Each structure stands twice: as C-alpha cells, then as structure tokens.
Amino acid sequence: MPFFDFLSGEFIDVIHWVDDTRDTMVWRFERHSHAIKYGAKLTVREGQAAVFVHEGQIADVFMPGLYMLETNNMPVLTTLQHWDHGFRSPFKSEIYFVNTTRFNGLKWGTRNPVMLRDAEFGPLRLRAFGTYSVRVTDPARFMTEIVGTDGEFTMDEISFQIRNVIVQEFSRAVAGSGIPVLDMAANTGDLGRVIAERIAPTIAAYGLTLPELYVENISLPAAVEGALDKRTAMGMVGDLDRYTQYAAAEAMGTAAAQGGDSGMGAGIGAGLGMAMGNQMAQTGPWGGRPAPAAAAPVPPPPPTEHVWHIAENGQTTGPFSRASMGRMAQEGRLTRQSHVWTQGQDGWLQAEDVPELAQLFTVMPPPPPPPAD
C-alpha cells in the first residue's frame, strides 16, 4: 500500500456533532493532527454553527446544512494551499461546533446590597435576584472574544461574567429609575426590559444576546422589613389608646385564667389592672378626648286613656271617655252595678269593681243604711 493511500484512509471524511449535554456552548471536532480529507462531508444540525479554523485563523462559518469541504464551494478557503493535491503538503485545520440554541433558567443575583435613595424612606439597601437566558448569535465573534482555543466551552465559564454585567446595569437602573421602593414589585417587568436593553451592547460585543431577563424578587434588609411590618400593623390598629386598653383587658383575662394555685396570675392581673387604671386616669375613658355630654332623660310616654262601653238591657253603648263616664255617674245613668268593658279587660265587670271607675262614685255618699227596729 502506498504511503499516501494509507494517509488518505486515515483522514476523516464525515464531520458532525451530536450534543448530549445541556451546558456545552462550543465543542471542537477532535482528529489526530487535525487532518481533514479533501471533499469530506460536514453536517451542521439545527441549533448549531460550525466555525472552520485554518492555521489559527477563522476561515469560514457554516450554518445548518450539509457541506462538501471543497475549494470550489468554499470561496473563503480558496487561499488555503494544497486542497486540490490530496494533502500532499499537510496543513492544520480545526472545526468548532457552536451551540446556537437558548440556554434557559440561568440565575443572577446581587451578591452585595445595592444602595439607593428613596423619597419616602431615605437611604436604603436592597437585594434582587432573577433568571435570564443567553444565546450565541455571532459564532465567529464569540470564538474570537471568549472561547479562543478551548476545546469544550461550557456555559459555566461565561455565566459569572454575564451575571456581573447584569448586576451592574441593575444597580444603575434601580438607582436612576425613581420608582418608590413600595412600588418596585409592580414594576419588575419594566425593570427587566430596561436592564436587558442596557446590557445588549456589552453582550453583543461577546457575540451573544439575552432573549429574556426577569427580575423575580426585590427585597429589603430584615430590619427595614420589620419596621415596615410594624408600620402596617399600626395602621391597621387605628386608635392606639383604645387598642392598648383592649390589649390590657385581654391580658388580664389571660393572666387570671392561667393563675393556678400560686397566685401569680392574680398578681399579674392586679398589676395590669393598676396600669390600665393609671392610663385611663391620665387619658380618660375616651383616649384623652373630652367625654360626650350626658343626654337629658327622656320623659315617659303619657298614660293611655281608656274608653268604656256600657251594657244595658242587652244592648251596648259607647265608647265613652272617663270624663263622660263621670258626668253619667253624677246624672245617675251610670251606677255601681252598671256593666262596663274597656280594651284589655277580661269580660264585663260592674263599675264598682273597676278601680278607675270606682273613684267616680265616691263623690256621692252611698245610700243610707236601713233604719233600726
């Protein structure tokens, strides 16, 4: 076997890359001495790009498709020597596959708090975190600026740099936005878009773009959050004096219920009662405000005047007022034995059995007793 035939058989004639990882951005097609056979087939799949490097310089970039590595269909490679001579004069060539799909779910966050001045709370420190996605849009620039000669470049190798750029632009955007701290949660979408727009020129210099950037949370220091919680609670309480009195009364009841046989609960309840009494003596039962004037007593309603009906010889007459009944008594038309009835009375009664009417007959003496024998 001629020596050249042996070398031709050793040269690779099929070049492709199947990525089984989720974080590889660039992978170099490995071949001993980087020898590539003239007319070899190059397969570039969707979501990939192939960068052809000859003798240390980028010669061409292949987008998805099937290519025959020949000088007549590779205008950029026409300056390469000896392709049409079957590699009789060896040269070094390399092919780098670049992943052009999105890398999603990448996280960013502020390692140190961001200082800003809020119109309502004054100087504040806040932290933030979120997610972003990145994509290679210029494989040649990405190879030149970032990858170099790295045979397997992963997302972890550049994510730290991208996070630094995001945090820097986030600090500038938040400090210059003028958005109140209490309203930032409602403006995280706008902040994400502003940060992505400001980062775009810097990231483009790396051959990358950020299709998505999200601000998931903006948080204040624990001490500031505690103060805000107290402020919210005070706003919900309303009248603080009355709330204090109510809380003291509740504590007295709880202490009395938990007193047991030791008498401690009684002592606690007595102490709270004294404190509550002192507070009420200072502020009054109306929280320091003057007590409302006592309302004048309402007089009772006037008594209801009864009207009466009289039954005589199987017939009823009336109704008659008490004054009319008095005149009738004076005239003799109403006697003690007359049957009368008024509303609420249980049946007919003789006039002398009704206290209200019996008084009408005292103005005249009763009939004299019979003479003695």
Q) Residues in segment 198-207: is at least one outside the structural domain of Asp20 (by TED's automatic domain parsing) and over 30 Å from Asp19 (Cα atoms)? A) yes
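Test Ala40 against the criterion of being at pLDDT 60 or above, among the small types (Gly, Ala, Ser) and more than 30 Å from Leu210 (Cα to Cα), and give yes or no. Talk me through it step by step, then tell me what you get.
Values: at pLDDT 60 or above: yes; among the small types (Gly, Ala, Ser): yes; more than 30 Å from Leu210 (Cα to Cα): yes.
For Ala40, the condition - at pLDDT 60 or above, among the small types (Gly, Ala, Ser) and more than 30 Å from Leu210 (Cα to Cα) - is met.
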Listed by range, helices (runs of 4 or more DSSP H) wholly within segment 129-231 having at least 2 residues that are under 21 Å from Val114 (Cβ atoms) and touching a strand residue (DSSP E or B) at 6+ places or on another chain (Cβ under 7 Å) are 156-177, 188-204
_Here is a check on your reading of the model: is Ile218 β-branched (Val, Ile, Thr), more than 26 Å from the chain's Cα centre (by Cα) and either loosely packed, with under 13 Cβ neighbours inside 10 Å or modelled with pLDDT of 75 or more (or both)?_
no
A careful count of residues in segment 320-339 that are surrounded by 15 or more Cβ atoms within 10 Å (Cβ to Cβ) and either in contact with a Lys or Arg (Cβ under 8 Å, 6 or more places away or on another chain) or not in a helix (DSSP H, G or I) (or both) gives 4
Of (1) more than 16 Å from Thr101 (Cβ to Cβ); (2) at pLDDT 85 or above, Glu46 satisfies every one except (1)
Matching residues in segment 62-82 (surrounded by fewer than 18 Cβ atoms within 10 Å (Cβ to Cβ), assigned to a strand (DSSP E or B) and at pLDDT 85 or above) number 2
The number of residues in segment 99-115 that are surrounded by 19 or more Cβ atoms within 10 Å (Cβ to Cβ) and within 30 Å of the chain's Cα centre (by Cα) is 4
Condition set among the hydrophobic types (A, V, I, L, M, F, W, C) and modelled with pLDDT under 80, scope segment 340-373, selection surrounded by the fewest Cβ atoms within 10 Å (Cβ to Cβ): answer is Ala372
Pairs returned, first residue in segment 167-183 that is touching a residue at least 12 places away in the same chain (Cβ under 8 Å) and among the aromatic types (Phe, Trp, Tyr), second residue that is assigned to a helix (DSSP H, G or I) and surrounded by 18 or more Cβ atoms within 10 Å (Cβ to Cβ), beta-carbon separation under 8 angstrom, 6 or more apart or interchain, are Phe170/Leu191; Phe170/Ile195
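The values are calculated or read from the model by the stated rules, or taken from the named source; none is laboratory data. These numbers were taken from a predicted model, which means no experiment stands behind them. Here Cβ is always computed from backbone atoms with ideal geometry, including for glycine, and neighbour counts include all displayed protein chains.
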